[in-house]
Amino acid sequence: MSVQAEKSFLIDLLQNSNDASFIQKVKNFVLKEMEAIPLTENQKKELDKRIVEHQENPNSGLDAFDFLDKLASKYEL
């Protein structure tokens, strides 16, 4: 299966799943399979900034499913 097909399959699964445990299993699998890449100092600062912003206003972010929909549209998945 190509990477593009895998991405499309995963997005379809996540969009059609209301089971949080399923989504957690997918997340755990992806995190386990990915190699850790060290962040640059700028990336660390940006991540820290976003975490603080989220902690101060947890409802201000983009919904995960909306984000996946936008990715799917952007990359024509």
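With charges set only on the Cβ (+1 for Lys and Arg, -1 for Asp and Glu), what does the dipole of the chain come to about its Cα centre, in debye to the nearest 20?
Once rounded to the nearest 20, the dipole reads 140 debye.
Among the lysines, which have Cα under 22 Å from the Cα of Lys7 when same-chain residues fewer than 8 positions away are ignored?
Correct list for Lys7: Lys25, Lys27, Lys32, Lys70, Lys74.
On a 0 to 90° scale, report how tilted helix 64-74 is relative to the longest principal axis of the chain, with both axes built from alpha carbons and the result rounded to the nearest 10.
Here the helix axis deviates by roughly 70 degrees.
Figure the gain on full extension for Asn59 and Lys27 (residue separation times 0.36 nm, minus the Cα-Cα span) and round it to one decimal in nm.
Here the segment from Asn59 to Lys27 would lengthen by 9.4 nm.
Which option, (1) 15, 34, 43, 8, 0; (2) 18, 52, 28, 2; (3) 16, 27, 19, 14, 11, 8, 4, 1, is the value of P(r) over Cα pairs in 10 Å bins from 0, in percent that was calculated from these coordinates?
(1)
Bear in mind that the values in this text are calculations on the coordinates, not laboratory data. Predicted model, so just to flag it, every value in this text is computed and none were measured. Every residue, glycine as well, gets a Cβ built from its backbone with ideal geometry; the counts of neighbours run over all protein chains shown.
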